[in-house]
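The values are calculated or read from the model by the stated rules, or taken from the named source; none is laboratory data. Treat the numbers as computed from the prediction; the structure is a model and nothing was measured. Quick reminder, even Gly has a Cβ in these numbers, built from the backbone with ideal geometry, and neighbours come from all protein chains shown.
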Amino acid sequence: MNNIDFDNLQLDKEEREIEEAFEKGSVERVLNYEEEKVKLEAAARATLEKTKNINIRISQGDLYNIKTKAAEQGVPYQTLISSLIHQFSNNRINYNILREPGKPYRTFNSKPTKKSGA
């Protein structure tokens, strides 16, 4: 199991708001708590069980920077990368590359197409 330094854990804005509400005692239990708890536990188990290994190519400089940032936060660098992917895939962080917001990515043909009548 990973040793996480919870005292130096960096929380995002939403997580800080939840923590503050909990500490103030203003968090209320949902009416169907037991039912929600069972559903969320099942979802968490399913999420944890369905991990997939992937291979990616990144520059040595980027990997060094990621490892440095992970060390600063007290987490393994793979966990940091996985967390970033998770946040992006759940619309918690936004990043657009090579496109205007709201427009699809551009596609490029690897070979020029032959014009008719040429």
Quiz item: With I97, I56, I81 as the choices, which residue is assigned to a loop (DSSP other than H, G, I, E, B) and at pLDDT 90 or above?
Solution: I56
Exercise. Among the residues of segment 51-87, count how many are of a type in the set (D, E, K, R) and more than 25 Å from D12 (Cα to Cα).
Key: 2
Quiz prompt | Pairs with Cβ under 9 Å, 6+ apart, first in segment 43-56 and of a type in the set (A, V, I, L, M), second surrounded by 10 or more Cβ atoms within 10 Å (Cβ to Cβ) and modelled with pLDDT of 70 or more | solution = I56/I81
Quiz item: Is it fair to say L11 is modelled with pLDDT of 85 or more and either charged (D, E, K, R) or not in a helix (DSSP H, G or I) (or both)?
Solution: no
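Here is a yes/no grid of residues against (1) exposed (fewer than 10 other Cβ atoms within 10 Å of the Cβ); (2) in contact with a His (Cβ under 8 Å, 6 or more places away or on another chain); (3) closer than 22 Å to R92 by Cα:
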residue	(1), (2), (3)
K13	yes, no, yes
E17	no, no, yes
G25	yes, no, no
V30	yes, no, no
A43	no, no, yes
Q60	yes, no, no
L63	no, no, no
